[in-house]
1. Among the residues of region 114-128, are any within 21 Å of the chain's Cα centre (by Cα), acidic (Asp, Glu), closer than 22 Å to Gly195 by Cα and surrounded by 17 or more Cβ atoms within 10 Å (Cβ to Cβ)?
2. State the number of residues belonging to region 88-99 that are surrounded by 23 or more Cβ atoms within 10 Å (Cβ to Cβ) and free of Cβ contacts under 8 Å to residues at least 40 places away in the same chain.
3. Looking at (1) in a helix (DSSP H, G or I); (2) buried (at least 23 other Cβ atoms within 10 Å of the Cβ), which one does Ala149 not meet, given that it meets all the others?
4. So if I check each of Thr39, Thr52, which one is out of contact with any His (no Cβ under 6 Å at 6 or more places or on another chain), among the polar types (S, T, N, Q), surrounded by fewer than 20 Cβ atoms within 10 Å (Cβ to Cβ) and on the phi < 0 side of the Ramachandran plot?
5. So how many residues does region 186-218 have that are crowded, with 21+ Cβ neighbours inside 10 Å and assigned to a helix (DSSP H, G or I)?
6. Given the residues Arg220, Arg191, Arg207, which is the only one that is under 30 Å from Met70 (Cβ atoms), basic (Lys, Arg) and modelled with pLDDT of 95 or more?
7. How about region 249-268: which of its residues are crowded, with 17+ Cβ neighbours inside 10 Å and polar (S, T, N, Q)?
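The values are calculated or read from the model by the stated rules, or taken from the named source; none is laboratory data. This one's a predicted model, so the numbers in the text were calculated from it and none came from an experiment. Methodologically, a virtual Cβ is constructed for each residue, glycine included, from the backbone with ideal geometry; neighbour enumeration extends over all protein chains shown.
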Amino acid sequence: MMEKRKVLAVGAAGHFAGLVLPELAKRGAYVRGFIQKDTDREAVLQHGARETAVGDLRDPASIEAALQGMDALFYIAPAFIADEGVIGRQVVDAAVRAGVRRIVFSSVIHPTLSALVNHREKGPVEEALFESGLEYTILQPAMFFQNFAQGWGEVIKSGTYAEPWSAETRFSRVDYRDVAQVAAVALTEDRLLYGTFELCSEGNLNRHDVAALMGKILGRDIRAGTVDLDKTGGGKDAPPPIRTMMDWYNQHGLLGNALTLRAILGHEPRTLEMYFEELKATDA
C-alpha cells in the first residue's frame, strides 16, 4: 500500500462518491473533497475528507486548482450531465496539467451502448485516460443497489414495486459500497493499475424476482408493477435521454458477471437481499 496518498474526490458530497471517502480514510489517504457548494463542507469532512475545494466540473481552471498538490483523482460524473464526454476529457486534461499521477474513473457497465447517452458518453472519457499517459483504473459498475432507497417507502405503503419499463427485463446490480472499496484499493495500491473492471453482484433479476425478494424481507406479498408514464403524464415530459433509456429497458437488460468483483474484494460481494435487510432495519 502507498502511504499518505493524496486524493481529490470529485462529487464528494454525492451519494456515491461520498461512499469512497471513508474507504480512502481507512487506508490512510489524505482526501480533498471537490464540492459545488461550501455548505456541503462539514458533511464531507465528517465522511473522511481532510479538506474541501469548491468548484464546478464545467470550469477546468477550478478543477486544476483543486488538483494542486494531489497525487490522484477519483472521478465520477453526475448522472445525465450534459456534454459528459467533453467535461470528462477536460477533467483528464486538467489532471495532466496539474501533475496528477493517477485517475480512477467510475464509468458504467457496457459503455459501448451507443443508444444510451449515459453509457456512450463514458467512452470518450475512457479514451482520454488511455491517451493521457497517466496511471488509470476504470470501474464499470452495474445498476446500484442504492437506487432502491428512494422508492422503498412507496413499496411499503402500496405493496407494489413499479418501474416505467417491462417487468421482464433482467439487470445485474451492485452495492456502490463494494465499488467504493475497489476504488479505494485502486487509488492506494498498484494491483489494479491499467485495468478495466466490470463490477456486479450475483444475480440477474427481473422485477418479479426483485419484488419477491422484497416480499421475503418484509414478510408480506409485494407485487411487481409497471408505471405507464404516458398515462401519468410523465412520458411526454421526460427528457429524451431518459425516455430513450426507458425504451431500451423495455427490450434489453444490462447483464454482467460477479467474478471480477469477487476476485478483487477477496470475498463475496454484498447481495441485494442484504441491502433490503438494511432498508427494512432503517425503516423500522
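1. Yes, region 114-128 contains a residue that is within 21 Å of the chain's Cα centre (by Cα), acidic (Asp, Glu), closer than 22 Å to Gly195 by Cα and surrounded by 17 or more Cβ atoms within 10 Å (Cβ to Cβ).
2. 1
3. Going through the list (1) in a helix (DSSP H, G or I); (2) buried (at least 23 other Cβ atoms within 10 Å of the Cβ), Ala149 breaks only (2).
4. Values: Thr52 fails: surrounded by fewer than 20 Cβ atoms within 10 Å (Cβ to Cβ).
Unique residue meeting the criteria: Thr39.
5. 7
6. Only one candidate passes the filter, namely Arg191.
7. Residue satisfying the conditions is Thr260 alone.
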